Amino acid sequence: MSLDFRLGEDHAQIRAMVRELCEGEFAAQAARWDQETIYPAEAMAQLAELGFFGLLVPEEYGGVAYDAVAYALALEELARVSAGLSVMISVHNSVCCWPIAKFGTDEQKQRFLPLLTSGTLGAFSLSEPGAGSDAGALRCAARRDGDHYVLNGTKNWVTNGAFAGAIVLFARTGPETGNKGITAFVVTPDLPGFSVGKHEDKMGLRASVTTELALQDCRVPVANRLGEEGQGFKIAMSTLDGGRIGIAAQALGIAGAAFEEAVRYSKARETFGRKLHEHQPVAFMLAEMERRVAAARLLMMRAAWKRSLGVPHLIDASMAKLYASEAATYCAHRAIQVHGGYGYVKEYPVERYYRDARVTEIYEGASEIQRIVIARELVRQAEAAEAAHAQEVPS
Amino acid sequence: MNFELSPEHAALRARARAFADRLRPLIGALDDESRFPAEHLPELAALGLLTPHWPLADAPGSDAPRDTLAYALVLEELARVSPAHAIVVSVHASLVGQSLLAFGSEAQKTSWLPRMARGDVLGAFALTEREAGSDAGALRTHARRDGDGWVLNGEKVMVTNGGPACLFLVFATIDPALGSKGVTAFLVPGDAAGITRGPRDRTMGLKPADVRALHFENVRIGADARLGEDGQGMKVALSALNVGRIGVAAQATGIAAEMVDRAVAYARGRRQFGQEIARFGAVGELLADMAVDRDVARLLTWEAATARDRGEDFSHLAARAKWAASEAACANADRCLQTHGGWGYDVSVGIERALRDARVTRLYEGTSEMQKLAVARHAVASIA
């Protein structure tokens with residue numbers, strides 16, 4: 001098969017279907033959700049009804065089993081109208097359902113996945129006040145006590161944390177520091193000692209709810225442990241791999257929306273007797289945005305395509321996440337510039353894009369972490385090429 | 001959707017890479033001496049690397065895919081080692097060759113293409129004038145009707161392959177009053193009487209490429225010299241430059257990619273403060289940004305090439321790819337030099353040459369600014 005970056009027919013259909021859904025009521029409500037900090041319960045229920053709560057879950061557990069490309073397209077389309085909506089769906093699918101489907105036992109999958117796919121929201125909880133990018137520094141403790149673990153600690157930045165029926169949560173079962181000794185659990189809000197802390201007052205993504213979680217002698221059954229003791233860091237990293245493509249898709253959605261909004265405005269508005277886009281400095285801004293959107297799309301699609309085939313994509317996912325998130329903040333910034341003063345007021349959506357875009361450079365691995373991952377991979381690839389060459393040509 | 005090269009394209013790329021690697025030890029001297037590598041043309045031709053995208057069944061190397069993607073792959077590999085070789089090929093095969101393929105009569109094609117494919121005739125593209133650069137329609141070189149043929153008078157500048165070329169594709173106006181609508185394309189034999197070649201331009205980079213001015217004084221050309229119709233010259237030129245831009249994009253991608261490999265290799269070998277410098281975050285950031293820009297350049301170039309191969313409108317894709325890749329080439333050459341520290345500033349290391357070679361990719365065959373305007377125009381036209 002020859003090189004072809006276009007969507008296949010199935011993927012194009014999925015994209016068209018999600019776009020049609022989003023451009024109706026969701027697009028009409030998105031500004032209000034943001035301005036009034038409203039959790040869009042009706043939209044989420046509708047999304048659950050349409051299968052968006054099981055995008056990565058096998059059909060036997062009630063999912064629709066999208067491949068990574070279809071999944072990325074769905075997230076991108078959601079983010080074009082509401083990044084807040086998109087992040088809730090992304091977290092639910094990428095970093096809650098996916099690790100349970102991937103690492104869970106049959107019993108865990110039976111217990112949690114049908115619940116999650118039918119409309120119960122899922123969450124992921126790794127970060128702590130003192131452990132962000134340095135996830136290995138987490139301190140939340142899990143002490144074995146018979147057929148339970150007793151968890152103590154505080155988690156933060158938990159998207160969906162307030163409403164989640166299942167949370168993939170990481171705590172320390174082993175040595176005091178480092179990546180070893182971290183274990184994954186599925187925590188449910190009914191467990192004694194579990195409570196939801198304060199709701200964060202965020203710059204953007206205001207339709208999504210982000211909270212602290214407090215675990216005070218929280219008794220989690222051993223049956224809720226995901227994978228083995230000490231496997232948590234590996235599960236977290238592998239989960240974030242897929243999550244990064246999701247954030248790239250979300251960032252691409254914001255970037256594309258900002259770019260298109262800027263083009264539309266530049267065609268409608270006149271200054272000095274010409275359309276705005278007929279002024280070269282404005283045309284240049286549009287071009288810079290267009291190029292970033294196009295490049296982000298190709299990087300994201302390449303990563304998703306590789307993931308869908310099950311081939312290694314660590315560096316591709318990091319590149320996609322890094323580039324798309326920087327494209328999103330860039331495009332939102334320039335979209336405001338093209339709008340001038342109108343870009344600074346909430347009557348137009350571009351200031352929302354700007355606030356929503358900003359976090360994509362931070363969460364699920366800050367840009368600095370992505371660059372470290374990419375640089376390490378470059379070195380590793382060079383070493384591997386050298387070793388292969390040495391085998392071919394004995395000296 | 002498929003992001004992987006077909007085995008046939010991958011094999012062609014490997015062939016181009018193997019050839020380019022053989023050039024590697026020679027390039028420093030070619031650059032120092034500003035020597036045109038005429039001796040490499042026959043081998044490039046024999047390997048099918050001189051005209052990689054010509055759909056001629058009997059062309060050399062016709063076992064390989066002969067499409068725009070093939071062209072991009074070959075140019076990227078040549079440019080990794082020698083961006084000058086890449087531009088020599090691109091001007092010959094795209095700016096001149098693709099113009100002949102698209103607008104030539106059967107007689108013109110038969111007369112020129114086989115000799116060009118063998119490397120016996122090298123082509124050059126004579127559009128730019130002192131007062132007509134991005135604004136090519138403002139050119140002054142004049143073609144006066146004379147019986148069946150024409151008489152050319154004027155001056156062309158910055159003509160790549162200007163010295164060794166045996167065929168010039170010359171753009172001249174048949175009537176200055178018509179503006180760009182008077183521009184007409186002519187195939188002018190390199191040995192036509194009245195052509196004077198200026199001295200070699202002393203360029204910042206691409207030194208092995210032969211770039212110079214051409215003077216036309218009462219140059220008589222026959223009835224068979226006109227390519228296309230009267231007044232079709234701008235169409236010929238823009239069509240040629242559209243394909244040429246994919247070539248420059250591929251050339252720039254080659255530079256960008258080579259710089260990543262050089263920087264990674266150096267950063268792995270160089271130790272400071274007790275460890276390989278590749279393990280420092282500061283150097284890692286340089287490497288990561290270089291790799292991202294390389295991949296973006298390559299993906300955008302391949303996107304434009306495959307769109308052309310499917311017969312789709314690709315001019316905005318070529319503009320975008322050329323712009324992005326040329327910026328990546330310059331940025332990566334600079335970052336690679338930075339990774340090397342003081343050693344990068346040493347001419348014998350070859351990184352400063354890449355920096356000089358890269359710079360022109362943002363200028364020729366349409367400046368970055370012209371590409372940006374093309375990208376913006378397309379965006380404005382396609383978004384309701």
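The values are calculated or read from the model by the stated rules, or taken from the named source; none is laboratory data. Every value quoted in this text rests on a predicted model; they were computed, and no experiment measured them. Methodologically, a virtual Cβ is constructed for each residue, glycine included, from the backbone with ideal geometry; neighbour enumeration extends over all protein chains shown. Accessible surface areas use protein heavy atoms only, side chains included; no ligands, DNA or RNA. Shrake-Rupley method; radii C 1.70, N 1.55, O 1.52, S 1.80 Å.
Brief remarks follow.
- Taking the range B:31-137 and the helices (runs of 4 or more DSSP H) fully enclosed by it, the elements with 3 or more residues that are farther than 30 Å from B:Val347 by Cα and not β-branched (Val, Ile, Thr) are at B:68-81, B:97-103, B:106-118.
Condition check ((1) over 30 Å from A:Gly8 (Cβ atoms); (2) within 20 Å of the chain's Cα centre (by Cα); (3) open to solvent by less than 10 Å² (accessible area, probe 1.4 Å)) across all residues:
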| site | (1), (2), (3) |
| --- | --- |
| B:Pro25 | yes, no, no |
| B:Arg35 | yes, yes, no |
| B:Ala38 | yes, yes, no |
| B:Leu44 | yes, yes, yes |
| B:Asp63 | no, no, no |
| B:Ala72 | no, yes, yes |
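- Residue within the range B:183-192 that is among the polar types (S, T, N, Q), at pLDDT 95 or above and open to solvent by 30 Å² or more (accessible area, probe 1.4 Å) present: no
- Residues in the range A:330-354 that are open to solvent by less than 30 Å² (accessible area, probe 1.4 Å) and closer than 23 Å to A:Met319 by Cβ: 3 in all.
- Under the condition of being open to solvent by 10 Å² or more (accessible area, probe 1.4 Å), touching a residue at least 40 places away in the same chain (Cβ under 8 Å) and not aromatic (Phe, Trp, Tyr), the residues counted in the range A:151-180 number 13.
- Elements of the type helices (runs of 4 or more DSSP H) sitting completely within the range B:270-384 and holding at least 3 residues that are within 12 Å of chain A (Cβ to nearest Cβ): these cover B:281-309, B:315-340, B:368-382.
- Taking the numbered list (1) of a type in the set (D, E, K, R); (2) open to solvent by 80 Å² or more (accessible area, probe 1.4 Å); (3) at pLDDT 95 or above in turn, B:Asp31 passes all entries but (2).
- Of all the numbered requirements in (1) open to solvent by less than 60 Å² (accessible area, probe 1.4 Å); (2) under 22 Å from B:Leu355 (Cβ atoms); (3) within 14 Å of chain A (Cβ to nearest Cβ), B:Asp261 misses one, and that requirement is (1).
- Comparison of B:Asp295, B:Asp289 shows that the only residue that is acidic (Asp, Glu), closer than 26 Å to B:Ser82 by Cα and out of contact with any Leu (no Cβ under 8 Å at 6 or more places or on another chain) is B:Asp289.
- Some residue of the range A:355-378 being free of Cβ contacts under 8 Å to residues at least 40 places away in the same chain, of a type in the set (Ser, Thr, Tyr) and crowded, with 21+ Cβ neighbours inside 10 Å: no
- Among the criteria (1) in a helix (DSSP H, G or I); (2) within 23 Å of the chain's Cα centre (by Cα); (3) within 14 Å of chain A (Cβ to nearest Cβ); (4) not charged (D, E, K, R), the one B:Tyr266 does not fulfil is (2).
- Annotation: of all residues in the range A:1-56 being open to solvent by less than 40 Å² (accessible area, probe 1.4 Å) and within 14 Å of chain B (Cβ to nearest Cβ), the one that is farthest from A:Leu116 (Cα to Cα) is A:Leu3.
- Strands (runs of 3 or more DSSP E) lying entirely in the range A:147-249 (those with 3 or more residues that are within 16 Å of the chain's Cα centre (by Cα) and of a type in the set (D, E, K, R)): none
- Subset of the range A:92-116 [open to solvent by 10 Å² or more (accessible area, probe 1.4 Å) and of a type outside the set (Lys, Arg)]: A:Trp98, A:Ala101, A:Phe103, A:Gly104, A:Thr105, A:Asp106, A:Glu107, A:Gln110, A:Pro114, A:Leu115
- Helices (runs of 4 or more DSSP H) contained entirely in the range A:265-363, each with at least 2 residues that are at the interface with another protein chain (Cβ under 9 Å from one of its Cβ atoms) and modelled with pLDDT of 95 or more: A:280-309, A:314-339
- Some residue of the range B:352-367 being on the phi > 0 side of the Ramachandran plot and either under 15 Å from the mean Cα position of the chain (by Cα) or surrounded by fewer than 19 Cβ atoms within 10 Å (Cβ to Cβ) (or both): yes
For (1) crowded, with 17+ Cβ neighbours inside 10 Å; (2) at pLDDT 95 or above, each residue gets a yes or a no:
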| position | (1), (2) |
| --- | --- |
| B:Ser99 | yes, yes |
| B:Phe103 | yes, yes |
| B:Lys109 | no, yes |
| B:Arg118 | no, no |
| B:Leu122 | yes, yes |
| B:Ala126 | yes, yes |
| B:Ala136 | yes, no |
| B:Thr141 | yes, yes |
| B:Lys156 | yes, yes |
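- Qualifying residue in the range A:239-246 (condition: touching a strand residue (DSSP E or B) at 6+ places or on another chain (Cβ under 6 Å), open to solvent by less than 10 Å² (accessible area, probe 1.4 Å) and either of a type in the set (D, E, K, R) or away from chain B (no Cβ under 14 Å) (or both)): no
- Among the residues making up the range B:312-329, a single one is surrounded by fewer than 24 Cβ atoms within 10 Å (Cβ to Cβ) and closer than 10 Å to B:Ala252 by Cβ: B:Glu327.
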